[in-house]
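First the structure, in the form of structure tokens, and then the observations on it.
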Amino acid sequence: MQFILAIMALAAIALFWGAWHLWRVRGLTTQPALMAALGLILLANVAIWAIPNDQGVTLLDGNLQAE
């Protein structure tokens, strides 16, 4: 699962770079905005899976307990 999160983070970086390139070099606006939004969504998903909660447990650990 960590491999998938790493690929997602790299894809988000590639989306941000591609959005910047389309906006800066070609002057487009709609496609870069959508690419940047998708990059933010990918990073949010990585954060949800990787950042620990108050008990120090992440979703990657797989042993979350309902309280």
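Examine region 34-51 for a residue that is of a type in the set (Phe, Trp, Tyr) and at pLDDT below 95, and state whether such a residue exists.
yes
Would you please list the contacts, defined by Cβ atoms under 7 Å and residues six or more apart or on different chains, that run from a residue in region 18-29 that is closer than 18 Å to residue 40 by Cβ to a residue that is open to solvent by less than 90 Å² (accessible area, probe 1.4 Å) and not in a helix (DSSP H, G or I)?
Matching pairs, first to second residue: 22/28.
Which residues, taken from region 28-49, are of a type outside the set (S, T, N, Q) and open to solvent by 40 Å² or more (accessible area, probe 1.4 Å)?
28, 33, 34, 35, 37, 38, 40, 41, 43, 44, 48, 49
Take the residues in region 1-20 that are within 9 Å of the chain's Cα centre (by Cα) and over 15 Å from residue 32 (Cβ atoms), then tell me which one is most open to solvent (accessible area, probe 1.4 Å).
Per the stated criteria, the residue is 10.
The values are calculated or read from the model by the stated rules, or taken from the named source; none is laboratory data. Worth saying up front: this structure is predicted, and the values here are computed from it rather than measured. Positions of Cβ are generated from backbone atoms using ideal geometry, with glycine treated the same way; all protein chains shown enter the neighbour counts. Just so you know, the surface numbers come from the protein's heavy atoms only, side chains and all, with ligands and any DNA or RNA stripped out. Shrake-Rupley method; radii C 1.70, N 1.55, O 1.52, S 1.80 Å.
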